[in-house]
1. With helices defined as uninterrupted DSSP H runs, which ones in the chain have an alpha carbon span along their own long axis of at least 27 Å and mean Kyte-Doolittle hydropathy of at least 1.6?
2. Between TRP92 and LEU35, what length in nm is gained on full extension when 0.36 nm per residue of separation is reduced by their alpha carbon distance?
3. Note down the nm distance, to one decimal, between modelled labels 7 Å out along Cα→Cβ at VAL73 and at PHE18.
4. Find the all-direction average of the projected area of the Cα convex hull for segment 19-140, expressing the result in square nanometres with one decimal place.
5. Please report, largest first and rounded to whole Å, the three semi-axes of the ellipsoid equivalent to the chain, where each semi-axis is the square root of five times an eigenvalue of the C-alpha gyration tensor.
6. Mind giving me the FRET efficiency for MET105 and LEU125? R0 is 30 Å, r the Cβ-Cβ distance, nearest 0.05 is fine.
7. Charges at C-beta only: +1 for Lys and Arg, -1 for Asp and Glu. How large is the resulting dipole of the chain about its Cα centre, in Debye rounded to 20?
8. Based on other C-beta atoms within 10 Å, arrange ARG160, ARG151, ARG32, ARG144 from fewest to most.
Amino acid sequence: MLSFGATVVAAFLAVALFGPFLTDPSGREISRHRLVPPGWAHPFGTDHLGRDGLAMFVEGARVSILVGVVATVFSFMVGVVMGAVAGYVGGWVDHVVMRFTEIAMVIPRFFLAVIVVSFLGRSLLWVILVIGGLGWMVIAQITRVQFLSLRTREFVEASRAHGARTSRIIVRTILPNALPTVMTYTALQVAVAMLLEAYLSFLGMGDPGFGSWGLQLRFAQDHLASWWMAVFPGLGLLLVVLGTNLLGEGLNELSDPMRTARRFTLPPG
């Protein structure tokens, strides 16, 4: 599971990084070669504007991975800060932060994203910030649980006894021990962010200046006979999300060996 997910993610990262150097730069420009089926000249065909399907596939991979990674980093930073403060300080601070987190989790993420993007604008920056701002809650909860269990450990008490500042204890002592568990969920959050961006683009809420896979699928609705317009971006989105999920699950099992042992342990009798 881990190796397959890592292979798929690495393959799409290679496509996003090196694909623009391997495809014709003019492939994303409008031409008269519209709706050409896949062939030697255009392995992924062309779309309704005459743009090369392979070049647009690479563009979609770059947008999806960019949004997924950057939005997740933003969610990770917010979630870790909120969870660390709540878990370490405790008391009324913990109560306020967790009640706010629970309220934020109740609000439907997708519909809130549609409303916010429609008001703020459809630029890629706003899309990333909105998606990132809606994905920190579970990260905060996981971080809080880790800090609650680690703050009373002997090595933390030793840091306090040596007069370490609170900020140093949080950042240098507790956080490195909490990160492995937090990072396993964060990997799964990348897939959620990519799907949410695809949903927004499919509904026309994404940045029209970037050819994301969701936007390509939106255009494919009007040209169902040209199957390649929907198949290739849809398959790309499916594979990268599947690979990211498998990578996250593999990391989760790697960080919890007992879970894997329980899975393969036969019941007695």
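Laboratory data are not the source of any read-out in this text; all were calculated from the coordinates shown. Only a predicted model underlies this, so the values are computations on that prediction, with no experimental measurement involved. Neighbour counts run over all protein chains shown; Cβ positions are idealised from the backbone, glycine included.
1. On the way: long enough: 2-22 (29 Å, 2.10); 53-89 (53 Å, 1.82); 175-202 (40 Å, 1.14); 228-255 (40 Å, 1.19).
In the chain, the long hydrophobic H runs are 2-22, 53-89.
2. Values: separation 57, 0.36 × 57 = 20.52 nm, distance 6.13 nm.
Fully extending the segment from TRP92 to LEU35 adds 14.4 nm.
3. Placing both labels 7 Å beyond Cα along the Cβ direction yields 2.2 nm.
4. On the way: hull surface 39.8 nm².
Average projection, Cα convex hull of segment 19-140: 9.9 nm².
5. Numbers: eigenvalues 345, 97, 51 Å².
Square roots of five times the eigenvalues give 42, 22, 16 Å.
6. Values: r = 25 Å, r/R0 = 0.82.
The computed FRET efficiency comes out at 0.75.
7. Details: 19 positive and 15 negative charges, 126 e Å.
Magnitude of the dipole: close to 600 debye.
8. Listing ARG160, ARG151, ARG32, ARG144 from fewest to most nearby Cβ atoms yields ARG32, ARG160, ARG151, ARG144.
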